[in-house]
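A quick write-up on the structure given underneath.
Bear in mind that the values in this text are calculations on the coordinates, not laboratory data. As the structure is a computational prediction, the values presented were derived from the model and not from experiment. Note that we place each Cβ from the backbone using ideal geometry, even for glycine, and neighbour counts take in every protein chain shown.
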Amino acid sequence: MLEKLERAVYEWQMWADGVGELGQQKLKAASVLISRIGGVGGTVAYQLAAAGVGKLVLAHAGNIKPSDLNRQLLMNHDGIGQSRVETAKARLLAFNPRLRLEVHDENVSEANAMGLVSQVDIVVDCAPLFAERFAMNRAIVQQGKPMVECAMYEYEGSLTTILPGTTACLACLSPSAPTAWRREFPVFGAVAGTVACLAAMEVIKLITGVGEPMAGKLLTMDLATMTFSHRKLHKNPNCDVCN
Amino acid sequence: MKIRVRFDSQVRRLAACKEVSLEVDEAATLEQIIQRVAFEGTEPLRAALLDNERRLRTSILVFLNNDLVTKDRPFVLHDGAELTLTTLISGG
């Protein structure tokens, strides 16, 4: 059930076709894990907190650095040197005090992925390292939970929604990390934020049942030229993870 | 027949160009096309596309007219086809 204040806060989005009070109740009852809360994940968390998702689990190790502050909107200048997840927690709860929030000052790894994924309904993967993404992929496939897979580089973004058993998993597409990938990458906050808002919308669609998720399709975008493509994906019958 | 090979994302940076046009035989296989693109391209492109045994790296995604090419599905080229070589990205 929604409380009176919740009805007032979410009134305008409950007017959206297919949402209504039932859709808002589904959002309130849902839980989402976000792997890393940097330029992409932080904005995903902010948008899901705004939409009234009931519980967020955030995983991101380390303290705020000056170089985070061109894109990581949950952080702030006064927080430099302090814990990212604790700063994010304060920002999110100030925005939505009804949010149930669990933060982990650690990145996703093979050691913790299964446990983190087991706590939620849906996962959003925003990690900068393929090792973290592959660990998360194995966990969601094993537990049969959907994962919104989103990423960016420079002016480019990509997004797909993985539905275990139905769509290609991450390892179907790339069983190993691309040789050219580097941990540090060129990034504008607006590019990361664009990808993040699309990812948050995927989560909202998965929870409410509105629209069509990007399942079995890869959205690629080049914001330098405003070129968007839909590409069709297929499962790899020889995939070590999902077959 | 003529096809277009587009380079996206990290592959585009290594190729130092957005695309190339190729005249290929109708029966050309994906492997033949990749080998040609790799050896006519830059050294970084070749290293990104091919492993030490000159096989296409598993981290390279190939799309034929925006449809992912997989080994279990037929690879049929038509005149004017667009092949895209790219990789996943991971920035968050």
Report summary line: Matching residues in the range B:62-92 (assigned to a strand (DSSP E or B) and either within 7 Å of chain A (Cβ to nearest Cβ) or out of contact with any Asp or Glu (no Cβ under 6 Å at 6 or more places or on another chain) (or both)) number 9
**Report entry** Given (1) buried (at least 20 other Cβ atoms within 10 Å of the Cβ); (2) more than 10 Å from chain B (Cβ to nearest Cβ); (3) over 18 Å from A:ARG138 (Cα atoms), number of the condition A:GLY157 does not satisfy
**Finding:** (2)
Report task. Those residues that are exposed (fewer than 13 other Cβ atoms within 10 Å of the Cβ) and touching a residue at least 24 places away in the same chain (Cβ under 8 Å), I need them from the range B:26-54; list them, please. Result -> B:GLU26, B:THR29, B:GLU31
Report summary line: Reported set for the range A:57-89 where residues are loosely packed, with under 15 Cβ neighbours inside 10 Å and either within 20 Å of the chain's Cα centre (by Cα) or assigned to a helix (DSSP H, G or I) (or both) is A:ALA61, A:GLY62, A:PRO66, A:SER67, A:ASN70, A:HIS77, A:ASP78, A:GLU86
Report summary line: Per the filter on the range A:118-147, residues more than 9 Å from chain B (Cβ to nearest Cβ), without any contact (Cβ under 8 Å) to a residue 60 or more places away in the chain and either touching a Lys or Arg at 6+ places or on another chain (Cβ under 8 Å) or within 25 Å of A:GLY54 (Cβ to Cβ) (or both) are A:SER118, A:ALA139, A:ILE140, A:GLN142, A:GLN143, A:GLY144, A:LYS145, A:MET147
Report task. Could you tell me whether the range A:69-77 includes any residue that is without any contact (Cβ under 8 Å) to a residue 24 or more places away in the chain and touching a helix residue (DSSP H, G or I) at 6+ places or on another chain (Cβ under 7 Å)? Result -> yes
